[in-house]
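The values are calculated or read from the model by the stated rules, or taken from the named source; none is laboratory data. The shown structure was predicted, so the numbers you read here are calculated from the model rather than taken from an experiment. Glycine gets a Cβ as well: all are built from the backbone with ideal geometry, and neighbour counts include every protein chain shown.
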Amino acid sequence: MITRRAEWRGDVFAADLPLLAGRLDDFPVIPRPFKHTLTVFLHPEGSLWDMDDNIRMRAYCDLPTISTQAVAALLETGITGKLQTKIEGDVRALGEVTLKREPETGKLRCRYGDQIFDARSLRVSERVHHSFADFGTDAEARRITVDLDRRLFALDEMGRLTLLGQLGPRIEIKGPNLAMVEHIRQSIDPDGMLKVRPNRSLELLFQAMLRRLVTPAPLGFPEMEIKFDLRGGVNGPDPDILIAGLDGAKLLLPAPHHIHRMRRYHICSDALSSDECTVVETPSGRLSEKRKRAARMAGAVMLRDTIASRTTDLDGAVTPIDRFLRERSWIRLATFEKRQTKIPFGIPGGQAYLLSLDHCLSTDGVALDQLEIEYIGTTGPAAPDADDVARELEFLSKQLLNGALGHCLVPGGSSKHGFFAQPVMGEESRRISVA
């Protein structure tokens, strides 16, 4: 059986969810027997990574808390749910299956016919469903689903569970046609707080995978990157064409190769230092601080000493932003949101780099679109020195400028802290591009 429906989903920052949720008060809640939804992502036995078929198991439960311990205990008892494939909104129900641990191998598996599937990751969501159906019509076919909290867990080959982090809230609209879905979307989100970021679960999975693949630069090694401003916005350049134009570049992640994410950045000043201080806010509302100091140039390459968290999604502070600022005696100068596509790649010498396409929009409507290439570490046995990295970054940047999309790139882009910390006066000179 195939269920065809029009659907749209957007991510929202946790700080903005109460406003959006309040707009749903006129839509009745659809009663459900369980509070939590489990989505188990499956791969055929023996397949390391298979994105061709989006195979999943959907199950429902009530957990005391969305924690590693609670989810692990549930998996040990075995769970039964609906096996499905989902491709471009079309959901095909395959039947009911049970995911359980095999006594002989210890692996978490389910069977469907003569096929065996391994569980590789799972997402747990706390959900509320609202109906926008007219009286007497099917509430399930016309509904708004609010994910209040979503957490993603990885499962290793032996079925051991690891929390990868929080994905933040999401709102999903389902209806019989696209016109109705779009009408509901505009009615509940006229100010565009909901943002489309594809493959959000892959964001955390790929970030964890990247941490295993790449050895970061040793302590004390400077942050090194080259920046370009982008003509025409981030939707112009094709990331795959950009990478293909770099001699010997090898994508480090499996298809679709890209990490899509969004963050909110609070640009701050610190009265006790000259550091560039920023508070990083994830969609789930977790906060961490980032300090950058001693900015200097080596040719076109920007070097800085940077202190930042790599795991804010997992262990960032859960506290109001005002309290976070007071604890550090920081003054907030500006706030902007960044939608980002990140493509990690390696080169034959063993160095690993990250190409990023960044669309930034401040709360006062000022936009900045940039492309960056940043050194992130090595996939080889030894780290190079900073001079070697600077030469490689220069070489990579020249290839981009001489490539098919070089006309989109303006070398020497400013730091985002410096750009958004400017006063609002002279706004037109700051408006680089609006995507």
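Structure values in brief
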| item | result |
| --- | --- |
| Unique match (being touching a strand residue (DSSP E or B) at 6+ places or on another chain (Cβ under 6 Å), under 20 Å from His36 (Cα atoms) and assigned by TED's automatic domain parsing to the domain that holds Gly46) among Ile184, Ile144 | Ile144 |
| Enumeration of residues in the stretch 136-169 that are under 24 Å from the mean Cα position of the chain (by Cα) and β-branched (Val, Ile, Thr) | Ile144, Thr145, Val146, Thr162 |
| Checklist (1) modelled with pLDDT of 90 or more; (2) of a type in the set (A, V, I, L, M, F, W, C); (3) touching a His at 6+ places or on another chain (Cβ under 6 Å) applied to Ala435, failing item | (1) |
| The stretch 130-148, residues that are outside any strand (DSSP E or B) and among the basic types (Lys, Arg) | Arg142 |
| Index of the failed condition, Ile343 passing every other in (1) within 30 Å of Pro411 (Cβ to Cβ); (2) touching a Lys or Arg at 6+ places or on another chain (Cβ under 8 Å); (3) buried (at least 20 other Cβ atoms within 10 Å of the Cβ) | (2) |
| Residue in the stretch 274-285 that is at pLDDT below 90 and under 20 Å from Leu371 (Cβ atoms) present | no |
| Answer residue from the stretch 187-205, given it is of a type in the set (Gly, Ala, Ser) and more than 12 Å from the chain's Cα centre (by Cα) and is nearest to Ile144 (Cα to Cα) among those | Ser187 |
| Residues of the stretch 415-429 satisfying the condition of being among the small types (Gly, Ala, Ser), modelled with pLDDT under 80 and part of a helix (DSSP H, G or I) | Ser429 |
| Pairs, first in contact (Cβ under 8 Å) with a residue 12 or more places away in the chain in the stretch 209-221, second outside any loop (DSSP other than H, G, I, E, B), C-beta under 6 Å, six or more apart | Leu210/Pro344; Val214/Ala352; Val214/Ile376; Val214/Gly377; Thr215/Gly377; Thr215/Thr378; Pro216/Gly377; Ala217/Gly377 |
| Filter result for the condition that a residue is buried (at least 17 other Cβ atoms within 10 Å of the Cβ) and either under 20 Å from the mean Cα position of the chain (by Cα) or not in a loop (DSSP other than H, G, I, E, B) (or both), over Ala208, Ala217, Ala179 | Ala208 |
| Unique match (being aliphatic (A, V, I, L, M), crowded, with 19+ Cβ neighbours inside 10 Å, in a loop (DSSP other than H, G, I, E, B) and in the same structural domain as Ser356 (by TED's automatic domain parsing)) among Val234, Val279 | Val234 |
| Long-range neighbours under 6 Å by Cβ, at least six apart or interchain, first residue more than 30 Å from Thr105 (Cβ to Cβ) within the stretch 115-144, second among the β-branched types (Val, Ile, Thr) and outside any strand (DSSP E or B) | His129/Ile30; Ser131/Ile30; Phe132/Ile184; Ala139/Ile30 |
| In the stretch 298-345, the residues that are without any contact (Cβ under 8 Å) to a residue 24 or more places away in the chain and over 22 Å from Arg151 (Cα atoms) | Ile307, Asp322, Arg323, Arg326, Glu327 |
| Residue match in the stretch 245-256 (condition: in the same structural domain as Arg326 (by TED's automatic domain parsing), outside any loop (DSSP other than H, G, I, E, B) and at negative phi) | yes |
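Condition check ((1) crowded, with 20+ Cβ neighbours inside 10 Å; (2) in a strand (DSSP E or B)) across all residues:
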{"position": "Val97", "(1), (2)": "yes, yes"}
{"position": "Gly106", "(1), (2)": "no, no"}
{"position": "Ser121", "(1), (2)": "yes, yes"}
{"position": "Val124", "(1), (2)": "yes, yes"}
{"position": "Val128", "(1), (2)": "no, yes"}
{"position": "Arg150", "(1), (2)": "yes, yes"}
